[in-house]
1. Figure the gain on full extension for Ala10 and Ser37 (residue separation times 0.36 nm, minus the Cα-Cα span) and round it to one decimal in nm.
2. Give me the distance in nm between label points sitting 7 Å out from Cα along the Cα-to-Cβ direction at Asp17 and Asn102, one decimal.
3. Using only the Cα atoms of the stretch 1-45, build the gyration tensor, take square roots of its eigenvalues as a ≥ b ≥ c, and label the shape rounded, prolate or oblate: rounded if a/c is under 1.5, else prolate if a/b is larger than b/c, else oblate.
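Computed from the coordinates by the stated procedures, all read-outs in this text should not be read as laboratory data. In this text, all values refer to a predicted model and were calculated from it rather than measured experimentally. Please note: Cβ atoms are built from the backbone with ideal geometry, for glycine as well, and neighbour counts cover all protein chains shown.
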Amino acid sequence: MAVNDETLMAEVRVLTDYDAGLIADGDLLSLIEIAKSELAAETGDDNLDFYGGNLDAERALFWLTCLFLKAKTGEIDAPNFSISELQVRHQSMDEQAGFWLNSLSRRLDALRGTGLIGHVQIERADRTYQFDN
């Protein structure tokens, strides 16, 4: 779990396998700042603390930064998704980017309080079933 922009940058580099020769630290930090503002706008919380123990905020920032970085470097063509005012049209998305986008969606839902938690068991008392074996 990242504790500041520098540790987040290191985590993003590990997952994406992009070293400073491919994308400069300053460019990556700029993407992190853009991702922070997009997440704050998306959640409506301008004081969203990404490194104060809020795992959902920190992980949403991680996944969005990874997606932004992959799109910036051209490794993935930007998929259809919308974060606040940012709208991206679909070109092509691989399975890895789809997993990242789903991870981002789960964390955003948790931040908004709209995520599903727990398990549900449905019982139907008005039905009977008989099996003749």
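1. Here the segment from Ala10 to Ser37 would lengthen by 7.7 nm.
2. With each label placed 7 Å out from Cα toward Cβ, I get 2.1 nm.
3. prolate
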